[in-house]
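The values are calculated or read from the model by the stated rules, or taken from the named source; none is laboratory data. Everything numeric here is computed off the predicted structure, so don't read it as measured data. So basically every Cβ, Gly included, is an ideal-geometry build from the backbone, and we count neighbours across all protein chains shown. Please note that ligands, DNA and RNA were not included when accessible areas were found on the heavy atoms of the full protein model with its side chains. Shrake-Rupley method; radii C 1.70, N 1.55, O 1.52, S 1.80 Å.
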Amino acid sequence: QVHLVESGGGLVQPGGSLRLSCAASGSIARLKDMGWYRQAPGKQRELVARISSLITGGGSINYTESVKGRFTISRDNGENTVYLQMNSLKPEDTAVYYCNARILHAKNPLYFDTYWGQGTQVTVSS
(Lines give C-alpha, C1' and ligand atoms only; values in the text may rest on other atoms or scores of the structure.)
Protein backbone atom coordinates (compact mmCIF):
# COMPACT_ATOMS: atom_id res chain seq x y z
CA GLN A 1 0.00 0.00 0.00
CA VAL A 2 1.16 3.50 -0.88
CA HIS A 3 -0.28 6.77 0.37
CA LEU A 4 0.26 9.99 -1.58
CA VAL A 5 -0.57 13.46 -0.28
CA GLU A 6 -0.39 16.56 -2.48
CA SER A 7 -0.08 20.13 -1.29
CA GLY A 8 0.79 23.57 -2.61
CA GLY A 9 -2.15 24.35 -4.85
CA GLY A 10 -3.96 27.65 -4.78
CA LEU A 11 -4.97 30.75 -6.68
CA VAL A 12 -2.35 32.62 -8.69
CA GLN A 13 -2.39 35.33 -11.35
CA PRO A 14 -1.30 34.60 -14.91
CA GLY A 15 2.49 34.65 -15.10
CA GLY A 16 2.82 33.67 -11.47
CA SER A 17 4.35 30.59 -9.89
CA LEU A 18 3.36 27.74 -7.61
CA ARG A 19 5.25 24.79 -6.20
CA LEU A 20 3.39 21.54 -5.63
CA SER A 21 4.61 18.84 -3.28
CA CYS A 22 3.75 15.16 -3.06
CA ALA A 23 4.75 13.12 -0.04
CA ALA A 24 4.76 9.34 -0.46
CA SER A 25 4.57 6.82 2.34
CA GLY A 26 4.15 3.08 2.61
CA SER A 27 5.69 0.34 0.49
CA ILE A 28 7.74 2.35 -1.99
CA ALA A 29 10.93 0.28 -2.00
CA ARG A 30 10.24 -0.87 -5.56
CA LEU A 31 9.24 2.54 -6.88
CA LYS A 32 9.23 2.76 -10.67
CA ASP A 33 8.42 6.44 -11.06
CA MET A 34 6.36 9.31 -9.75
CA GLY A 35 4.59 11.98 -11.68
CA TRP A 36 2.03 14.71 -11.86
CA TYR A 37 -1.22 14.57 -13.78
CA ARG A 38 -3.91 17.20 -14.08
CA GLN A 39 -7.57 17.27 -14.96
CA ALA A 40 -9.48 20.38 -15.95
CA PRO A 41 -13.29 20.55 -16.01
CA GLY A 42 -14.64 18.76 -19.05
CA LYS A 43 -11.25 17.38 -20.03
CA GLN A 44 -9.45 14.09 -19.62
CA ARG A 45 -6.75 13.61 -17.04
CA GLU A 46 -3.38 14.20 -18.68
CA LEU A 47 0.22 13.58 -17.78
CA VAL A 48 2.13 16.74 -16.87
CA ALA A 49 5.53 15.40 -15.84
CA ARG A 50 7.11 12.16 -14.71
CA ILE A 51 10.41 11.28 -13.07
CA SER A 52 11.70 7.73 -12.75
CA SER A 53 13.47 6.17 -9.79
CA LEU A 54 17.24 6.52 -9.86
CA ILE A 55 17.50 2.81 -9.00
CA THR A 56 15.03 1.31 -11.43
CA GLY A 57 14.81 3.94 -14.17
CA GLY A 58 17.93 6.10 -14.12
CA GLY A 59 16.10 9.23 -13.01
CA SER A 60 14.71 10.02 -16.45
CA ILE A 61 12.28 12.93 -16.74
CA ASN A 62 9.47 13.53 -19.20
CA TYR A 63 7.17 16.52 -19.68
CA THR A 64 4.11 17.07 -21.73
CA GLU A 65 4.83 19.54 -24.53
CA SER A 66 2.59 22.30 -23.20
CA VAL A 67 4.61 22.73 -19.98
CA LYS A 68 8.15 22.36 -21.30
CA GLY A 69 10.27 25.33 -20.30
CA ARG A 70 7.79 26.41 -17.64
CA PHE A 71 7.43 23.47 -15.23
CA THR A 72 10.15 21.51 -13.47
CA ILE A 73 9.70 18.19 -11.71
CA SER A 74 12.17 17.18 -9.01
CA ARG A 75 12.56 14.65 -6.21
CA ASP A 76 14.46 14.42 -2.97
CA ASN A 77 17.28 11.89 -2.59
CA GLY A 78 15.12 9.50 -0.62
CA GLU A 79 12.58 9.42 -3.46
CA ASN A 80 9.73 9.89 -1.03
CA THR A 81 8.81 13.44 -2.04
CA VAL A 82 8.27 14.85 -5.52
CA TYR A 83 7.85 18.50 -6.42
CA LEU A 84 6.43 20.37 -9.37
CA GLN A 85 7.69 23.92 -9.78
CA MET A 86 5.27 25.76 -12.04
CA ASN A 87 6.36 29.08 -13.52
CA SER A 88 4.78 31.40 -16.08
CA LEU A 89 1.38 29.95 -15.27
CA LYS A 90 -1.43 30.37 -17.75
CA PRO A 91 -5.20 30.16 -17.31
CA GLU A 92 -5.10 26.93 -19.31
CA ASP A 93 -3.05 25.40 -16.49
CA THR A 94 -6.08 25.59 -14.21
CA ALA A 95 -6.89 22.06 -13.09
CA VAL A 96 -6.82 19.63 -10.23
CA TYR A 97 -3.28 18.29 -10.05
CA TYR A 98 -2.79 14.69 -8.94
CA CYS A 99 0.34 12.96 -7.75
CA ASN A 100 0.95 9.50 -9.17
CA ALA A 101 3.29 6.69 -8.18
CA ARG A 102 3.95 3.34 -9.80
CA ILE A 103 5.41 0.46 -7.81
CA LEU A 104 7.07 -2.49 -9.56
CA HIS A 105 6.09 -6.07 -8.78
CA ALA A 106 9.00 -7.99 -7.28
CA LYS A 107 8.05 -11.24 -9.00
CA ASN A 108 7.47 -9.68 -12.41
CA PRO A 109 9.03 -6.25 -13.07
CA LEU A 110 6.98 -5.93 -16.27
CA TYR A 111 3.97 -5.08 -14.12
CA PHE A 112 3.31 -2.41 -11.55
CA ASP A 113 0.67 -1.01 -9.22
CA THR A 114 -0.55 2.56 -9.64
CA TYR A 115 -1.44 4.92 -6.80
CA TRP A 116 -3.00 8.37 -6.78
CA GLY A 117 -3.15 11.26 -4.38
CA GLN A 118 -6.34 13.11 -3.58
CA GLY A 119 -5.51 16.07 -5.81
CA THR A 120 -4.80 19.73 -5.22
CA GLN A 121 -6.56 22.59 -7.00
CA VAL A 122 -4.54 25.04 -9.08
CA THR A 123 -6.41 28.08 -10.35
CA VAL A 124 -4.75 30.65 -12.62
CA SER A 125 -6.90 33.74 -12.92
CA SER A 126 -6.70 37.52 -12.76
Return the residues of region 99-116 that are among the small types (Gly, Ala, Ser) and buried (at least 21 other Cβ atoms within 10 Å of the Cβ); say none if nothing qualifies. ALA101
Given the conditions (1) hydrophobic (A, V, I, L, M, F, W, C); (2) at pLDDT 95 or above; (3) in contact with a Phe, Trp or Tyr (Cβ under 6 Å, 6 or more places away or on another chain), every one holds for ILE73 apart from (3)
Answer from VAL124, VAL96, VAL48 - the residue that is open to solvent by less than 60 Å² (accessible area, probe 1.4 Å) and over 16 Å from the mean Cα position of the chain (by Cα): VAL124
Go through the residues of region 69-81 one by one and say whether even a single one is farther than 28 Å from GLY15 by Cα and loosely packed, with under 13 Cβ neighbours inside 10 Å. yes
Considering residues of region 51-63 that are within 12 Å of the chain's Cα centre (by Cα) and closer than 19 Å to TRP116 by Cβ only, the residue surrounded by the most Cβ atoms within 10 Å (Cβ to Cβ): ILE51
Quickly run through region 14-23 and pick out the residues that are out of contact with any Pro (no Cβ under 8 Å at 6 or more places or on another chain), surrounded by 12 or more Cβ atoms within 10 Å (Cβ to Cβ) and more than 16 Å from VAL48 (Cα to Cα). GLY16, ALA23
Filtering region 26-39 for residues that are more than 15 Å from the chain's Cα centre (by Cα) and either of a type outside the set (A, V, I, L, M, F, W, C) or open to solvent by less than 60 Å² (accessible area, probe 1.4 Å) (or both) leaves a count of 4
